[in-house]
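Nothing in this text is a laboratory measurement; each read-out follows from the coordinates by a stated rule. In this text, all values refer to a predicted model and were calculated from it rather than measured experimentally.
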Amino acid sequence: MVWCVCPHRTSLPAEQFQSNDFSLWSVLKQCIGKELSKITMPVVFNEPLSFLQRMAEYMEYAWLLEKADQAQDPIVRMQYVTAFAVSGLASNWERVGKPFNPLLGETYELQRDNYRIVCEQVSHHPPVSAFYADSEHWNFHGSIHPKLKFWGKSVEIQPKGILTVELPNHGEAYTWSNVNCCVHNIIVGKLWIEQYGSMEITNHATGHKSVVTFKTAGWFSKDLHRIEGFIIDRRRSDKKKSEDGSAGASPAHTPRKVFKKLNTITSSFRMSSDTEAGVEVEDGEPPEEPEEGGYPRTDSSYSIDIPNSSTLWEADPRPLTSPQYYHFTLFAMSLNELSEELRRTLGPTDCRLRPDIRLLESGDIDAAANEKNRLEEKQRDARKSRKKGKEEWKARWFEQGTNPFTRQADWLYSGGYWDRNFDETIDIF
Ligand code: CLR
């Protein structure tokens with residue numbers, strides 16, 4: 001047996017409060033059609049993390065970006081970037097607790113062996129969170145504006161925004177947007193979550209694309225957590241064109257060739273080593289409930305093997321106690337840890353210092369609820385007095401701008417966080 005000497009905590013201070021006295025439906029029924037970010041939910045439906053920490057969960061398998069950087073073949077780089085994009089979604093399985101809405105100006109930082117990340121809540125209405133992660137060989141940044149739509153039986157979540165990975169050693173940038181997800185069984189049954197739709201990762205330097213489709217569970221749940229995709233090489237059709245004698249760059253709409261096929265589930269990532277024939281990728285359809293209140297199971301007899309494939313990544317198993325701790329992964333367990341050393345260096349807006357999250361983590365539901373109300377009121381008061389004084393809120397570490405690769409609206413890191421000059425920060429807790 002190999003013992004892992006884990007430098008971080010492996011559980012939370014208290015187990016999750018389990019009770020059937022609270023019905024999500026009784027809270028949400030007044031909100032059909034409303035934007036869920038505006039309603040205050042009882043703290044029992046929360047998990048003890050801020051949405052900023054939830055975004056930092058994307059870093060769990062950051063080593064995949066290291067691998068991408070080391071690869072000399074752009075197809076292999078694309079494989080690893082795609083694996084990274086998928087890996088960030090594995091921790092969402094079974095996580096049906098609502099992360100705390102970050103307060104305006106709230107931040108989160110995380111430094112691990114090979115990278116660091118800083119996140120900031122840059123807008124409150126609509127809620128927008130921005131992050132910037134870097135390491136010696138890559139950087140990863142983006143902004144997310146989660147839109148929650150309540151449909152009655154289910155809540156649909158659209159994590160709007162763009163994610164960008166840059167590999168400066170190769171002069172490459174990759175961008176993509178996240179797939180939607182859906183929480184089922186709001187009225188009866190056990191809550192469950194699925195992610196569905198297509199994700200298109202573009203390498204802006206080479207024109208390679210990776211198209212990954214997350215399937216909906218479907219009627220017999222056999223497709224739960226299954227994803228399928230291809231890497232497409234635009235240049236191959238260009239090359240074919242020039243072989244045909246028609247020189248010059250191909251127009252953007254040249255039919256593309258499928259290069260690599262993948263067929264996997266969100267907890268592991270396999271990629272074939274062969275060139276496969278083209279198969280159409282369907283677009284994500286709105287998910288269908290398997291049955292009223294039903295709960296899908298992954299069908300393990302349904303093989304995910306594809307010929308000549310190799311596994312690039314596999315999600316680490318969750319700790320056995322995970323169900324008692326909001327279904328957290330080991331990585332998630334560590335995110336709100338506050339060591340003495342950290343306490344000395346953290347900025348005053350870091351979510352680890354948020355009292356309501358800390359109280360929920362230690363199982364004190366009532367005190368957590370009180371603190372949550374106090375913080376939200378404090379935030380409202382601050383907004384009112386800014387309005388009176390005609391002051392505009394300005395994000396501290398990010399600036400609104402356009403993504404240089406996609407030209408879409410985005411939030412760009414202004415730099416300087418790690419100099420740790422927190423003089424201008426206001427008191428939000
Ligand atoms: C999914 C992956 C994206 C970023 C992202 C944005 C919003 C998150 C979502 C992820 C996961 C599910 C999520 C959602 C906000 C609220 C929702 C945490 C991380 C929970 C499950 C909603 C529970 C609310 C109840 C009313 C059921 O990159």
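For the range 29-152, just say rounded, prolate or oblate: build the C-alpha gyration tensor, square-root its eigenvalues into a ≥ b ≥ c, call rounded for a/c under 1.5, and beyond that prolate if a/b exceeds b/c, oblate if not.
Verdict is prolate for the range 29-152.
Go through the range 374-384 residue by residue and turn each phi into a ³J(HN,Hα) via Karplus (6.51, -1.76, 1.60, θ = phi - 60°); whole Hz please, and just put x for glycine and proline.
Taking θ as phi minus 60°, the curve returns 4, 5, 5, 5, 4, 5, 5, 4, 4, 5, 4 Hz for the range 374-384.
For the range 314-429, take the convex hull of the Cα atoms, compute a quarter of its surface area, and give me that in nm², please.
Numbers: hull surface 45.1 nm².
Its Cα hull, projected and averaged over all orientations, spans 11.3 nm².
Give Lys29/Lys160; Lys98/Lys147; Lys98/Lys149 a once-over and call out the pairs whose C-alpha atoms are over 22 Å from each other. Could the numbers behind the result be given before it?
Details: Lys29/Lys160 25 Å; Lys98/Lys147 13 Å; Lys98/Lys149 14 Å.
As for pairs spanning more than 22 Å Cα to Cα, those are Lys29/Lys160.
Considering amide H positions built from the backbone, and no H for Pro or chain starts, which residues 5 or more places from Ile162, or on another chain, come under 5 Å of its amide H?
Result for Ile162 returns Ser143.
Could you tell me which of rounded, prolate or oblate describes the range 335-400, using a ≥ b ≥ c as the square roots of the eigenvalues of the alpha-carbon gyration tensor, with rounded for a/c under 1.5 and, failing that, prolate when a/b is larger than b/c and oblate otherwise?
Note, shape of the range 335-400 comes out oblate.
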